[in-house]
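We did not get these values from a lab; they are worked out from the coordinates using the rules stated. Here the structure is a predicted model, which is why all the values come from computation and not from measurement. Cβ: placed from backbone, ideal geometry, glycine included. Neighbour counts: every protein chain shown.
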């Protein structure tokens, strides 16, 4: 069911949101750090996004941030309140005409005992995208080897729309990618307390 038309912004609007343990805000090139540049050098992190493990240069990370225009491409940093540290980011891509968004998530700085950044920040971000911006559909792609995300979707009854295959960044076999979508109505239903 389609809702009222939404208007694509003409200028970037900075994002500043909070959850209990994290601050979410628009990243700027000044946020690039050697620590964040090293996140993709971790083979496990790189594997989950099908990228070759290697540290970015500061200029590469600054360029990546700058390539998000704040209108159709949003890059939202995740900052730990307790540590006052940048620990990851959401990269969000909006199709204003279709009222859809896709996202990538990278958590590069995990600490034992720290609340799950994805679990805690996702509802806050979705509330902004579905509620404040009026978008109607979330889409995401997950490597099938990332069973934690697959299992999470399965638990709440979200089924993959389709599957595709892509060359593995590490060489060799292709990787399987599952593509999911969730409507605003489905997301609101999942957020309601269960009786």
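Annotations for the structure displayed:
- You can think of it this way: the chain between residue 167 and residue 30 has 46.0 nm of extra reach, that is 0.36 nm per residue less the Cα-Cα gap.
- Taking label positions 7 Å along the Cα-Cβ direction at both residue 16 and residue 141, the computed distance is 3.5 nm, reported to one decimal.
- Computed over the range 134-174, the Cα gyration tensor eigenvalues convert (square root of 5λ each) into semi-axes of 24, 14, 9 Å, ordered from largest to smallest.
- Model label points for residue 102 and residue 176, set 7 angstrom from Cα along the Cα-to-Cβ axis, are 2.1 nm apart.
- Amide N of the range 134-160 lying under 13 Å from the label point, which is placed 7 angstrom from the Cα of residue 183 along Cα→Cβ: 136-138
- The alpha carbons of the chain give a radius of gyration and a Dmax of 17.0, 51 Å, in that order.
- Working from Cα pairs under 8 Å separated by at least six residues, relative contact order for the chain is 18 percent.
- Kirkwood analysis of the range 79-195, using all unique Cα-Cα pairs, places the hydrodynamic radius at 15.9 Å.
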